[in-house]
Every structure is written in structure tokens, then in C-alpha cells.
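One structure is given below, encoded as C-alpha cells.
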Amino acid sequence: MEKILAPSILAADFTVLGEQIKEASEGGAPYLHVDVMDGMFVPSISFGMPVMVSARKCTDMFFDVHVMIEKPDRYIETFAECGADGITFHVEADPGNVGEIIRHIHETKSLKGVPLKAGIAIKPGTPISAVMPYAADVDVIMVMTVEPGFGGQKLIPETIDKVRALRAFLDSEGLAVDIEVDGGISSSNIENIVKAGANVVVAGSSVFKGDIKANVSELIGLMR
Ligand code: DX5
Ligand code: ZN
């Protein structure tokens, strides 16, 4: 499967966001991870539409929008209009409507004129059985490796076992679905997590400090 690094702008310096996005892109990252938090589903509030619109003006990168919000169905069209290429939502945010929300995402087109990619995410405490019923319907399953809500946390080691078990399940079903991991990933653990079966890796604080371009190329090198 294609291995993809997705730098998270949550850790960027917003006074120079455009330049930092450009550096991440020049380092070879194909995705830009965009964390939207509502202060309800998670305790923190990050940013929303205007930041996405500004970021969209400076790059063609795939916008991997991770919505940590309640009732994510309300904002699918809006995020598409702001430049999302894919939307990943939490199954915990609206457990009764997961299938419907996946369909809604797929029925919505990005600004590039193609259907949005749909992803479902689980928190560290949610078992992979919560996403298994939808595995054939999504493009990506995100296994959170920290509690969602803040950047800069330490990866919870037990979550790596979930990645391994999920990849084994997908393989046994013959499904080539991306497994994305998010939270606490750095040059010290990225090889391990990719070996466990993750092929899309989010990295915030390990990218947006020091030499962004060099950080991105180092992490990509370690994913291979
Ligand atoms: C956490 C966010 C992450 C965060 C990762 O809720 O979903 O995407 O930005 O940041 P790091 O890589 O610093 O843990
Ligand atoms: Zn995220």
C-alpha cells in the first residue's frame, strides 16, 4: 500500500502558515492533516473554515480533514467548499449514523471535482469492532494513538496492537483500506507503527519544529 505522511497544521505557526505548508510539501508530504475541534466532542477548540480556505490557497496537497466534532454530518458540504479532499469523523460522535455519514461524504465533491474520500476514526479506548462493519465502505480507518484533543502528547503503546489487529482483519477480508495513525508519532516510533500495518501517518509536533522540510523527509525515509 502507498505510504503517506500527513503533517498536521495544528502544530504549525499560524503567523507563517503558508510558508510552513510549503516547506512540508517540499519535503515530500502529499497530505496536509487539518484538525477541526469543536470544544464539545473534545475539550479544545482548534480552528475551522477560514483557516482551511487560506491554507487551500497556498497548496494543492490532499487536505485530510479530521473532524473532532459532534454531529459531523452538519458540515460535510461546508468543509468540501473550504477545500477538503477527504473527511474523517469519529464513530463515537454519532454512532447511530455512521453508514449514512460515510455515504454523505462520498456523495459530496471536493473543489477538484472528485468525490471526497471518507474515513472513520476511533479513540484509543474504542475497540476495532466498532469500525469493522464499515470497513468495506470507507477509504481510510484512523486509529488514534493518543486521546484526541491536543497535539504534542505521548503515543499510547497499546494502540499499536489495535493497528496490527485491524490490518490482519482487513487482509483477511481482502480489503485494501488505508490505516491512518494520529498522535505522538516521531522518528523514534514511526517504523514500528508502519510495520504494524499503518500506511498513513499523521505527525504534528515532530514536523513543525526546527527544519520542517528535513523533518518531513526524515519521517518519509523511515516509513519505507
Ligand atoms: C490530536 C490531533 C492530531 C495532532 C497530532 O487530537 O488529531 O492530529 O495534531 O499532533 P502530534 O503529532 O503532535 O501528536
Ligand atoms: Zn488529527
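The values are calculated or read from the model by the stated rules, or taken from the named source; none is laboratory data. Small disclaimer: the values here were computed from a predicted structure and weren't measured. Because the Cβ atoms are built from the backbone with ideal geometry, glycine has one as well, and the counts that use them run over all protein chains shown. SASA here: full protein model, heavy atoms, side chains in, ligands and nucleic acids out. Shrake-Rupley method; radii C 1.70, N 1.55, O 1.52, S 1.80 Å.
General observations
- Among beta bridges that DSSP assigns inside the range 4-223, antiparallel share in %, nearest 5: 5 percent
- Counting Lys and Arg as +1 and Asp and Glu as -1 over every other residue whose Cβ lies under 13 Å from the Cβ of Glu100, the net charge comes to -1.
- In this simple spin-label approximation, Glu70 and Val114 carry label points 7 Å from Cα along the Cα→Cβ vector, and these lie 3.5 nm apart.
- Rolling a 1.4 Å probe over the protein heavy atoms gives the range 4-223 an accessible area of 41 Å² per residue.
- Projecting the Cα atoms of Gly210, Ala135, Val65 onto the dipole axis of the chain, where Lys and Arg carry +1 and Asp and Glu carry -1 at the beta carbon, places Gly210 farthest toward the positive end.
- Straight-line cross-link partners of Lys57 among the aspartates and glutamates, defined as a Cα under 19 Å from its Cα and at least 8 positions apart when in the same chain: Asp13, Glu19, Glu23, Glu26, Asp35, Glu77, Glu81, Asp85.
- Counted over the range 4-112, the DSSP beta bridges are approximately 10% antiparallel.
- Spin-label pair Met40-Glu218: with each label point 7 Å from Cα along the Cα-Cβ axis, the two points sit 4.0 nm from one another.
- Charged neighbours of Pro43, selected by a Cβ distance under 15 Å, balance to -4 (K, R count +1; D, E count -1).
- Of Pro124, Pro50, Pro157, the one that fluctuates the most in a GNM where the chain has Cα springs shorter than 10 Å: Pro50
- The chain: C-alpha gyration tensor shape, a/c 1.5 cut-off, then a/b vs b/c: rounded
- Taking a sphere under 12 Å around the Cβ of Gly27 and counting the other residues whose Cβ falls inside, with K and R at +1 and D and E at -1, yields a net charge of -2.
- With every protein chain in place, the chain: carbon and sulfur % of accessible area (1.4 Å): 52 percent
- Axial C-alpha extent at least 18 Å, average Kyte-Doolittle at least -1.0 - helices from the chain (DSSP): 158-172
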